[in-house]
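Below: one structure, written as structure tokens.
The values are calculated or read from the model by the stated rules, or taken from the named source; none is laboratory data. Because the structure is a prediction, the values reported are computed rather than measured. Cβ placement follows ideal geometry from the backbone for every residue including glycine, while neighbour counts extend to all protein chains displayed.
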Amino acid sequence: MNINFKNRIYGRTKGRNCNRNKNNELISKIEQYKITALNKSDKNILDIGSGYGETSLFLSKTYPNSKIIACDKYIDGHLNLIKKFNNKINNIFIHNGNVYDILDNLKKGKYFDSIWIMFPDPWPKNKHKKRRLINDNFFSIISDFIKDNGNIFIASDLLNYNAQIISSIYKNRHLFTWENQFKIYYNYKDYLIPETKYFKKAVKSGRNPFFITLKKI
Ligand SMILES: C[S@@+](CC[C@H](N)C(=O)[O-])C[C@H]1O[C@@H](n2cnc3c(N)ncnc32)[C@H](O)[C@@H]1O
């Protein structure tokens, strides 16, 4: 059964300097690493909004026997990731587009051991908040695709979005346990996880990113 979420995607898909010819070249490079069919029996890890690929690279090295899916609509980010590929990296697969393209095309079932969402676009203006990836519905949709005891990891640095995420976690507490819910445990800097572009941006601006770990019940 296919589930069609029909979610729109907002924001940039390519860098400002990306001309059409260069873009075609990039697309053909990315095609070589395109995501293949997902099997429930594989260890699959989904990096939603992989940006420049720091988290996918980290996951690839940390979990060499897993299939890492780097998912982003921002083509320049994928190109940056591909540049870092070497003969040792053979477990990263790319989806250049909306994460809902992947979910829409999956048959119902539990595919993912973990899902990483590092610094989802904050959309700070009130009129844009409905564009945020993480909302009350998000957890119930994504939960169907996560294996039992699988994890969701979320990093964010905007207080207002953090509050929304926490509220959505609370509303979905029948689906996930929040493993590090005491404030002293959700400082991003205390974890051995990558310093992504948006982590660095947050720190430079004086914000203290938080990191949440959820476990599927
Ligand atoms: C703020 S950036 C963070 C990038 C990276 N994770 C980091 O920490 O540097 C958010 C990324 O999420 C991507 N994104 C937003 N909505 C998405 C969606 N529905 N599916 C896939 N990627 C999405 C954007 O294109 C953007 O590259």
### Query
Counting residues that are small (G, A, S) and touching a residue at least 60 places away in the same chain (Cβ under 8 Å), which strands (runs of 3 or more DSSP E) fully inside the range 130-217 reach at least 1?
146-156
### Task
Filter the range 69-106 down to residues that are touching a residue at least 60 places away in the same chain (Cβ under 8 Å) and more than 12 Å from the ligand (Cβ to nearest atom) and give me whichever is surrounded by the fewest Cβ atoms within 10 Å (Cβ to Cβ).
N105
### Query
Just one of the numbered conditions (1) surrounded by 15 or more Cβ atoms within 10 Å (Cβ to Cβ); (2) in contact with a Lys or Arg (Cβ under 8 Å, 6 or more places away or on another chain) is not true of D136; which one?
(1)
### Summary
From the option list S56, S66, single residue qualifying as farther than 27 Å from P122 by Cα, in contact with a helix residue (DSSP H, G or I) (Cβ under 8 Å, 6 or more places away or on another chain) and modelled with pLDDT of 95 or more is S66
### Query
Name the residues in the range 49-68 that are surrounded by 24 or more Cβ atoms within 10 Å (Cβ to Cβ) and closer than 21 Å to R132 by Cβ, would you?
S50, T55
### Message
Is it the case, given these coordinates, that D148 is more than 18 Å from I48 (Cα to Cα) and more than 16 Å from the ligand (Cβ to nearest atom)?
### Response
yes
### Query
So which residues in the range 101-129 are part of a loop (DSSP other than H, G, I, E, B) and at negative phi, if there are any at all?
N105, L106, K107, K108, K110, Y111, P120, D121, P122, P124, K125
## Note on the structure
How many residues of the range 57-67 are more than 13 Å from the ligand (Cβ to nearest atom) and under 23 Å from F138 (Cβ atoms)? The answer is 2
### Message
Against the conditions (1) more than 14 Å from the ligand (Cβ to nearest atom); (2) crowded, with 20+ Cβ neighbours inside 10 Å, where does F119 fall short? Just the number, please.
### Response
(1)
